[in-house]
Amino acid sequence: MADRRVAGGLVIVFEGIDGVGKTTQIDLVRQNLADQGWNVQARRNLGGTPIGEALREVIKSPLERPGLTNLYISAAIQEALAGAIQADRAAGKIVLMDRGPISLAAYAAYGDGLDPAVGWPYVERGMQLLKPELTIIYQADVDQALKQASQKPSAGDYFENQPLEYFARVAQGYHEASKRYPDAVVIDANRDIDAIQTDTMQRITRLLQSKS
């Protein structure tokens, strides 16, 4: 099948709390688009570049730190990632991002209990740098999502060791983001994988059709 590309590229961001099913949906979308011949690049906001991956190890470590430290590390990762995204766009790729700018407010501001006003400027900065054509926010019951997340093999990083109240604040951050960015698509993740994937692909297909 032909190597299909989009002039100027596309950035699609997948957002949501731990255990909401983002990784599964990204994998399914990537395979679906690849089967159609599209040139697809998957990246993650906490990482995505050599320096970003190194900083990912730092931020996920269980070391105690002020909440602002997480915000600044996340912002540094985002800055480094912007250059890689620009190169992907220049190559006409469809970029699937595991979390994006909104997560800076959801996790590093709301989750860590900072004044949300401190986090939103970094979200705005990220939106200007990455210019995502589509942001999908998966919303699910926090208890159920965390139960799903706990089933994954893990050494227990900084975020996974946080209490339920932390993730309730993160979920509130995403809820506030959906109001702040009304163009973001909110998808109910309290359903089976196939139903979620159908809704996800419908949105992405519409986007691709609008770019054709």
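The values are calculated or read from the model by the stated rules, or taken from the named source; none is laboratory data. Since the structure is predicted, the reported quantities are computational estimates derived from the model, not experimental observations. Here the Cβ is made from the backbone with ideal geometry for all residues, glycine too, and neighbour counts use every protein chain on show.
Worth a mention:
- Single condition R206 does not satisfy, out of (1) closer than 13 Å to I12 by Cα; (2) within 15 Å of the chain's Cα centre (by Cα): (2)
- Restricting region 167-180 to residues that are touching a residue at least 24 places away in the same chain (Cβ under 8 Å) and charged (D, E, K, R) leaves a set whose member that is surrounded by the fewest Cβ atoms within 10 Å (Cβ to Cβ) is R180.
- In the condition set (1) under 22 Å from I94 (Cα atoms); (2) assigned to a helix (DSSP H, G or I), A195 is compliant with all but (1).
- Residue within region 152-163 that is among the charged types (D, E, K, R), within 19 Å of L71 (Cα to Cα) and either touching a Pro at 6+ places or on another chain (Cβ under 7 Å) or at pLDDT below 95 (or both) present: yes
- The set of residues in region 7-38 that are buried (at least 17 other Cβ atoms within 10 Å of the Cβ) and either over 14 Å from I204 (Cα atoms) or modelled with pLDDT under 95 (or both) comprises E15, G16, I17, D18, G19, V20, G21, K22.
- Any hit, region 112-125, residues being in a helix (DSSP H, G or I), touching a Gly at 6+ places or on another chain (Cβ under 6 Å), of a type in the set (D, E) and modelled with pLDDT of 95 or more: no
- Region 88-99, subset crowded, with 18+ Cβ neighbours inside 10 Å and hydrophobic (A, V, I, L, M, F, W, C), residue nearest to A7 (Cα to Cα): I94
Residues are listed down the side, and each one gets a yes or a no for (1) without any contact (Cβ under 8 Å) to a residue 60 or more places away in the chain; (2) closer than 17 Å to V13 by Cα; (3) surrounded by fewer than 20 Cβ atoms within 10 Å (Cβ to Cβ):
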residue: R44; (1), (2), (3): yes, yes, no
residue: R56; (1), (2), (3): yes, no, no
residue: P62; (1), (2), (3): no, no, yes
residue: A76; (1), (2), (3): yes, no, yes
residue: E79; (1), (2), (3): yes, yes, yes
residue: Q86; (1), (2), (3): yes, yes, yes
residue: E124; (1), (2), (3): yes, yes, yes
residue: M127; (1), (2), (3): yes, yes, yes
residue: L130; (1), (2), (3): no, yes, no
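Here's the yes/no breakdown for (1) of a type outside the set (A, V, I, L, M, F, W, C); (2) free of Cβ contacts under 8 Å to residues at least 60 places away in the same chain; (3) surrounded by fewer than 18 Cβ atoms within 10 Å (Cβ to Cβ):
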| site | (1), (2), (3) |
| --- | --- |
| Q144 | yes, no, yes |
| A149 | no, no, yes |
| E165 | yes, yes, yes |
| P182 | yes, yes, yes |
| N190 | yes, yes, yes |
| I204 | no, no, no |
